Protein chains: 2
Amino acid sequence: MSHAQNIGAASIVRDGSHEADAKSPLVRKLENLVRLSREDRAALDQLSAGARLIEPHTDLMRVGERPADAVVVLDGFACRYKHRVTGERQILALLLPGDVCDVDAPHLGRMDHAVGTLSACLVARISRDALAAIVARHPTVARALRLAKLAEEATAREWLINLGARSATERMAHLFCELLTRLEAVGLARENGCKLPITQLDLADTLGLSSVHVNRTLQELRRKGLIELRGRSLKLRDLPDVRALAEFNPPYLRPAH
Amino acid sequence: MSHAQNIGAASIVRDGSHEADAKSPLVRKLENLVRLSREDRAALDQLSAGARLIEPHTDLMRVGERPADAVVVLDGFACRYKHRVTGERQILALLLPGDVCDVDAPHLGRMDHAVGTLSACLVARISRDALAAIVARHPTVARALRLAKLAEEATAREWLINLGARSATERMAHLFCELLTRLEAVGLARENGCKLPITQLDLADTLGLSSVHVNRTLQELRRKGLIELRGRSLKLRDLPDVRALAEFNPPYLRPAH
DNA sequence: CGAAAAGTTGAACTGAATCAATGCCGGTGG
DNA sequence: CCACCGGCATTGATTCAGTTCAACTTTTCG
């Protein structure tokens with residue numbers, strides 16, 4: 001049910017020096033929310049410098065810890081999660097490429113939940129000072145981060161509806177719609193398909209279902225011709241129908257209107 | 001299942017002139033998070049001026065609306081909620097006396113959910129300008145509002161765990177612990193008891209259960225001697241046991257540590 | 001190639017939903 | 001003051017979505 005989470009096994013992978021690369025997911029994400037200047041983008045790319053490759057199932061922040069710095073995911077899937085004393089794990093949010101975790105770390109006391117990778121991830125840590133500096137010097141970036149946070153809150157509300165009011169199939173359909181939309185926003189989806197580098201057990205702990213039922217629900221969605229999921233890649237074969245089933249309404253992910 | 005929500009039927013009840021009153025729940029709540037000066041308190045009491053009494057089941061903000069101002073609940077229970085197209089309602093958060101709703105209204109586009117009263121409520125609206133002014137002139141209040149927001153987010157995470165991972169009894173026990181703790185913080189609880197001015201149907205839509213099952217779960221908690229609930233008042237007869245059952249850990253409501 | 005992790009399947013079980021009827025209580029009007 | 005009405009609470013019977021347990025297969029990866 002739960003994995004022992006280990007810290008470590010990281011190696012420096014990206015030092016911000018290959019500016020010739022495609023845009024970073026962080027820049028892409030924020031550009032959906034505001035118009036960034038060249039300087040804004042450069043500053044953001046600075047933040048992504050020194051990213052490290054982290055093993056799957058590794059904690060980035062532990063319960064009870066005082067978060068010293070924020071974290072950006074540049075590749076892979078991570079999550080916020082919490083274990084019950086009985087052992088069950090509930091995943092509280094998925095962190096995808098471009099997501100920044102705990103911008104308001106400075107105000108925070110102790111973590112009431114953990115943050116960890118699901119797949120292997122490329123992750124950059126942002127010190128409190130670096131964050132304060134960029135927010136002070138780049139008001140547009142500051143605004144984008146605020147908006148991103150609002151989107152995160154709206155997403156949490158959708159998850160509450162998912163867990164409180166939707167059936168297994170609807171939940172799963174909704175999650176897939178959300179993931180596709182969020183990954184599209186950072187250029188990591190094409191033709192209604194994207195990577196889904198997590199196990200059915202992770203999915204189960206996200207959706208509040210048993211892994212057995214996740215398996216059966218996936219089969220049902222496949223049987224209906226709604227999705228395709230082989231290996232670690234997901235495709236929504238009939239986006240309109242999946243959205244209808246899920247009552248998925250994308251605008252909540254763009255809070256600024 | 002759902003109620004037609006009406007707007008209106010309000011009358012002015014409090015104009016901020018009876019300073020001799022007990023502390024307002026807003027001041028009480030924020031004083032749990034920071035140390036307020038006399039001026040801070042006076043400014044907050046200004047905000048509560050012009051509060052109005054609102055009928056039960058009345059919308060304060062509608063889906064799709066652009067929120068012009070924030071809202072403070074001074075008495076009664078309100079909530080954030082959303083309806084599915086199938087009609088089910090999911091309550092996303094309970095707003096208790098002292099709670100401020102949508103401090104960041106200015107950044108917001110359109111509401112993705114509604115806000116409405118459950119019981120009759122005493123509610124003050126805070127204009128965008130008034131809010132900006134107080135935040136600018138009273139940094140301590142600004143900090144308190146940020147911390148209150150963090151507590152709200154932590155609460156949302158607990159609700160996710162509730163809906164995703166806890167049984168009906170555990171969920172209900174957890175909700176009651178949360179309510180008691182929050183109401184204690186604003187001086188509206190005594191001897192492990194408090195008002196609970198909402199119906200079993202409201203409770204059902206909060207907990208993601210049917211109203212029939214809420215009824216049976218309440219009976220179970222009563223039978224075990226854990227709670228007492230008559231009329232609209234709730235008492236936790238065995239707080240340690242209720243907390244244990246719910247795995248309730250209060251500190252998440254005090255984010256600053 | 002072999003072991004461990006992930007996915008799949010079936011059968012039995014159960015927590016919670018649903019359906020439907022009944023009781024209760026507070027307010028309203030005759 | 002009582003009769004009636006509507007919303008809320010309660011109860012029983014039945015059904016069902018999702019869980020649990022356990023075995024088995026497939027994939028992944030060292």
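Quick one: angle between helix A:168-184 and the longest Cα principal axis of chain A, in degrees between 0 and 90, rounded to 10, please.
Relative to chain A, helix A:168-184 is tipped by roughly 30 degrees.
At 7 angstrom along the Cα-to-beta-carbon line, where would the label on residue B:135 sit relative to the other copies? Give the distances in nm, shortest first.
Output for residue B:135: 1.2 nm, nearest copy listed first.
Relative to the compact-globule scaling 2.2 N^0.38 Å, provide the ratio for the alpha-carbon radius of gyration of segment A:11-148. Can you show the working numbers first?
Numbers: Rg = 14.9 Å, N = 138, 2.2 N^0.38 = 14.3 Å.
Cα Rg divided by the expected 2.2 N^0.38 Å: 1.04.
Work out from phi, with θ = phi - 60° and the Karplus expression 6.51 cos²θ - 1.76 cosθ + 1.60, the ³J(HN,Hα) of each residue of segment A:195-208, listed in order in whole Hz, and give x for Gly and Pro.
Using θ = phi - 60°, the values come out as 6, 9, x, 9, 8, 5, 5, 4, 4, 4, 6, 7, 8, x Hz.
Over all directions, what mean area does the Cα convex hull of chain B project, stated in square nanometres? Walk me through the numbers before you get to the answer.
On the way: hull surface 54.5 nm².
If you wrap the Cα atoms of chain B in a convex hull and average its projections, you get 13.6 nm².
How much net charge surrounds residue A:108 when only other residues with a Cβ under 14 Å from its Cβ are counted (Lys, Arg +1; Asp, Glu -1)?
Numbers: positive: A:62, A:66, A:80, A:110, A:128, A:149, B:143, B:146, B:149, B:157, B:254; negative: A:65, A:69, A:102, A:104, A:112, B:152, B:153.
That works out to +4.
Net charge near residue B:205: determine it from the other residues with C-beta under 13 Å of the C-beta of residue B:205, scoring Lys and Arg +1 and Asp and Glu -1. Can you show the working numbers first?
Numbers: positive: B:80, B:82, B:84, B:89, B:171; negative: B:88, B:202.
Net charge in that neighbourhood comes out at +3.
Grab every C-alpha pair in the protein assembly as shown, bin the distances at 20 angstrom width from 0 up to the longest one, and report whole percents.
22, 57, 21, 1
For segment B:154-253, what is the charge dipole size about the Cα centre, in debye to the nearest 20, if Lys and Arg each add +1 at the Cβ and Asp and Glu each add -1 at the Cβ?
Magnitude of the dipole: close to 260 debye.
Between copies, how far does the label point of residue A:167 sit from its twins, in nm, shortest first, when each point is 7 Å from Cα along Cα→Cβ?
So the label point of residue A:167 gives 2.6 nm to the other copies.
What residues qualify as long-range amide H neighbours of residue A:196, i.e. H under 5 Å apart, gap of 5 or more or another chain, H built at 1.01 Å from N?
A:233, A:234
Please give the per residue accessible area of chain A, computed with a probe of 1.4 Å over protein heavy atoms only, in Å².
Result: 43 Å² per residue.
Assume the label is 7 Å from Cα along Cα to beta carbon: what separations in nm does residue A:23 have to the matching positions in the other copies?
4.9
Give me the accessible area of residue A:195, 1.4 Å probe, in Å² rounded to the nearest 10.
Its heavy atoms expose roughly 130 Å² to the probe.
Per-residue Cβ counts within 10 Å, from other chains only, averaged over A:89-95: what number is that? If you can, show how the numbers build up before the last one.
Working: counts 3, 9, 3, 6, 2, 0, 0.
Other-chain Cβ atoms within 10 Å of each residue's Cβ, averaged: 3.
Calculate the dipole size of segment B:11-145 relative to its Cα centre from +1 charges on Lys and Arg beta carbons and -1 charges on Asp and Glu beta carbons; express the result in debye to the nearest 20.
Charge dipole of segment B:11-145: 260 debye, to the nearest 20.
Taking 8 Å as the Cα distance limit and 6 or more residues as the minimum spacing, I'd like the relative contact order of segment B:57-178 as a percentage.
30 percent
Report, by chain and number, residues whose modeled amide H sits under 5 Å from the one on residue A:74, excluding near sequence neighbours (fewer than 5 apart, same chain).
Amide H neighbours of residue A:74, under 5 Å, 5+ apart: A:98, A:122, A:123, A:124.
What are the ³J(HN,Hα) values, in whole Hz, obtained from phi via the Karplus relation 6.51 cos²θ - 1.76 cosθ + 1.60 with θ = phi - 60°, for each residue of segment B:127-133 in sequence order, with x given for Gly and Pro?
5, 3, 5, 4, 5, 4, 5
Could you tell me how many cubic angstrom of Cα convex hull volume segment A:154-253 has per residue?
So the per-residue hull volume is 91 Å³.
In whole percent, how big is the carbon plus sulfur part of the accessible area of segment B:154-253, probe 1.4 Å, protein atoms only?
Solvent-exposed carbon and sulfur of segment B:154-253 make up 47 percent of the total.
Which lysines does residue B:82 reach when only Cα atoms under 30 Å apart count, and residues fewer than 8 places away in its own chain are ignored?
Correct list for residue B:82: A:29, A:82, A:149, A:224, A:235, B:29, B:149, B:195, B:235.
Counting only C-alpha contacts under 8 Å and six or more residues apart, can you give the relative contact order of chain B as a whole percent?
Relative contact order of chain B: 20 percent.
So, in Å, what gap is there between the alpha-carbon centers of segment A:142-211 and segment A:38-61?
Cα centroid of segment A:142-211 versus Cα centroid of segment A:38-61: 22 Å apart.
In whole Hz, with x marking every Gly and Pro, tabulate ³J(HN,Hα) for segment B:135-149 from phi via Karplus 6.51 cos²θ - 1.76 cosθ + 1.60, θ = phi - 60°.
5, 5, 8, 10, x, 5, 5, 4, 4, 4, 5, 4, 5, 4, 5
Which Cβ of chain A lies nearest the axis of the rotation superposing A onto B, and at what whole-Å distance?
A:163, 2
The values are calculated or read from the model by the stated rules, or taken from the named source; none is laboratory data. Here the structure is a predicted model, which means the values were calculated and not measured. Please note: Cβ atoms are built from the backbone with ideal geometry, for glycine as well, and neighbour counts cover all protein chains shown. Only protein heavy atoms, including side chains, enter the accessible area calculation; ligands, DNA and RNA are left aside. Shrake-Rupley method; radii C 1.70, N 1.55, O 1.52, S 1.80 Å.
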